[in-house]
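Student: I have a structure here, written as structure tokens, and I will follow up with some questions on it.
The values are calculated or read from the model by the stated rules, or taken from the named source; none is laboratory data. Being a predicted model, the structure only gives us computed values, none of them experimental. Note: ideal-geometry Cβ built from the backbone for every residue, glycine included; neighbour counts use all protein chains shown.
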């Protein structure tokens, strides 16, 4: 149990669907992250939120829309995705301090876009 | 952008053998982290290193923060079947805030 939960664990959606991924951290952290993990590639950082403010957006297409209503919850809203968006989407949280800032990951959502 | 070179990409070993993997970077890092990921799960933090030269153990795992601050290694002693998984290194640069740069991972297979 890492203290970071994600739902759903698996999601299959069509290209015209709208869905949302949810992440919740129970660690009292101030920073939260979305990563994309595709086969044979390093983890790709998508978004970073610090104290509920988006501080980083790594040129992610607008069909991915993050939302951070408070420091414990993070959402990733999905719409009109493409098959190449199929991947494992990982959420992580960290204390948010510049030092001792280990990131703790959730179990991920396995997304398949048909 | 910054890249981490992690090697080897994969390892096939017999139970009981020791394992060593490493990461190198072209930039100086002030933090090195090692994670393990099992199928269908997210990465789990194994060891965190914060000082050049630091050597830290976690059970049969030992990791070191290189003196040059550009490399780190992870050793696993007396491997067992449950050590199977993908091991990732991650580094944090002084100027990157909380951003981590990840290696491509080392896939470890342990034969009983």
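Student: Please go through segment A:65-84 and pick out each residue that is in contact (Cβ under 8 Å) with a residue 40 or more places away in the chain, more than 14 Å from chain B (Cβ to nearest Cβ) and more than 16 Å from residue A:7 (Cα to Cα).
Tutor: A:79, A:80, A:81, A:82, A:83
Student: I've got another one for you. Among A:97, A:54, which is the only one that is at pLDDT below 95, surrounded by fewer than 19 Cβ atoms within 10 Å (Cβ to Cβ) and not in a loop (DSSP other than H, G, I, E, B)? Before you say what the answer is, go through the steps one by one.
Tutor: On the way: A:97 fails: not in a loop (DSSP other than H, G, I, E, B).
So the residue among A:97, A:54 that is at pLDDT below 95, surrounded by fewer than 19 Cβ atoms within 10 Å (Cβ to Cβ) and not in a loop (DSSP other than H, G, I, E, B) is A:54.
Student: Taking residue A:16 as meeting all but one of (1) more than 26 Å from residue B:96 (Cα to Cα); (2) under 11 Å from the mean Cα position of the chain (by Cα), write down the number of the exception.
Tutor: With (1) more than 26 Å from residue B:96 (Cα to Cα); (2) under 11 Å from the mean Cα position of the chain (by Cα) applied to residue A:16, the lone miss is (2).
Student: Right, something else. Check residue B:100 against each of (1) touching a strand residue (DSSP E or B) at 6+ places or on another chain (Cβ under 6 Å); (2) more than 14 Å from every other protein chain (Cβ to nearest Cβ); (3) modelled with pLDDT under 95 and name the one condition it does not meet.
Tutor: Only one criterion is unmet by residue B:100, namely (2).
Student: Give the residues of segment B:78-97 that are facing chain A (nearest Cβ under 9 Å), closer than 15 Å to residue B:35 by Cβ and over 12 Å from the mean Cα position of the chain (by Cα), sorted by residue number. Even if it seems obvious, please write down each step before you answer.
Tutor: If we filter segment B:78-97 for residues that are facing chain A (nearest Cβ under 9 Å), which is where we start, we get B:88, B:90, B:92, B:94, B:97.
From what's left, closer than 15 Å to residue B:35 by Cβ: B:88, B:90, B:92.
Result: B:92, single match.
Student: Filter segment B:55-77 for residues that are more than 14 Å from the chain's Cα centre (by Cα) and farther than 22 Å from residue B:109 by Cα and give the result.
Tutor: Passing the criteria: B:67, B:68, B:69.
Student: Oh, and also: Does segment A:4-20 contain any residue that is more than 29 Å from residue A:114 (Cβ to Cβ), in contact with a strand residue (DSSP E or B) (Cβ under 8 Å, 6 or more places away or on another chain), part of a strand (DSSP E or B) and touching a residue at least 12 places away in the same chain (Cβ under 8 Å)?
Tutor: Step one: of segment A:4-20, the residues more than 29 Å from residue A:114 (Cβ to Cβ) are none.
Within segment A:4-20 (the criterion being more than 29 Å from residue A:114 (Cβ to Cβ), in contact with a strand residue (DSSP E or B) (Cβ under 8 Å, 6 or more places away or on another chain), part of a strand (DSSP E or B) and touching a residue at least 12 places away in the same chain (Cβ under 8 Å)), the answer is no, since none of the residues qualifies.
Student: Right, another one. Report whether or not residue A:43 is within 12 Å of chain B (Cβ to nearest Cβ), in contact with a strand residue (DSSP E or B) (Cβ under 8 Å, 6 or more places away or on another chain) and under 26 Å from residue B:38 (Cα atoms).
Tutor: Working: within 12 Å of chain B (Cβ to nearest Cβ): yes; in contact with a strand residue (DSSP E or B) (Cβ under 8 Å, 6 or more places away or on another chain): yes; under 26 Å from residue B:38 (Cα atoms): yes.
Against the criterion (within 12 Å of chain B (Cβ to nearest Cβ), in contact with a strand residue (DSSP E or B) (Cβ under 8 Å, 6 or more places away or on another chain) and under 26 Å from residue B:38 (Cα atoms)), residue A:43 qualifies.
Student: Here is a follow-up. Which numbered condition trips up residue A:59, out of (1) more than 14 Å from chain B (Cβ to nearest Cβ); (2) exposed (fewer than 14 other Cβ atoms within 10 Å of the Cβ)?
Tutor: With respect to (1) more than 14 Å from chain B (Cβ to nearest Cβ); (2) exposed (fewer than 14 other Cβ atoms within 10 Å of the Cβ), residue A:59 is out only on (1).
Student: Among the residues of segment B:10-31 satisfying the criterion of being at pLDDT 95 or above and within 13 Å of chain A (Cβ to nearest Cβ), which is surrounded by the fewest Cβ atoms within 10 Å (Cβ to Cβ)?
Tutor: Step one: list which residues in segment B:10-31 are at pLDDT 95 or above, which gives B:10-24.
Imposing the further condition that a residue be within 13 Å of chain A (Cβ to nearest Cβ) reduces the set to B:10, B:23.
Values: B:10: 11, B:23: 27.
Looking at residues that are at pLDDT 95 or above and within 13 Å of chain A (Cβ to nearest Cβ), I get B:10.
Student: OK, next. When segment A:27-42 is examined, which residues are found to be over 15 Å from residue A:102 (Cα atoms), at pLDDT 90 or above and part of a loop (DSSP other than H, G, I, E, B)?
Tutor: The one that is over 15 Å from residue A:102 (Cα atoms), at pLDDT 90 or above and part of a loop (DSSP other than H, G, I, E, B): A:38.
Student: Only residues that are under 14 Å from residue B:88 (Cα atoms) and not in a strand (DSSP E or B): list them for segment B:1-39, please.
Tutor: Once the filter is applied, which keeps residues that are under 14 Å from residue B:88 (Cα atoms) and not in a strand (DSSP E or B), segment B:1-39 yields B:3, B:8, B:9, B:38, B:39.
Student: Those residues that are facing another protein chain (nearest Cβ under 8 Å) and assigned to a strand (DSSP E or B), I need them from segment A:100-109; list them, please.
Tutor: The first filter runs over segment A:100-109 and keeps only residues facing another protein chain (nearest Cβ under 8 Å), leaving A:100-108.
Once the filter is applied, which keeps residues that are facing another protein chain (nearest Cβ under 8 Å) and assigned to a strand (DSSP E or B), segment A:100-109 yields A:104, A:105.
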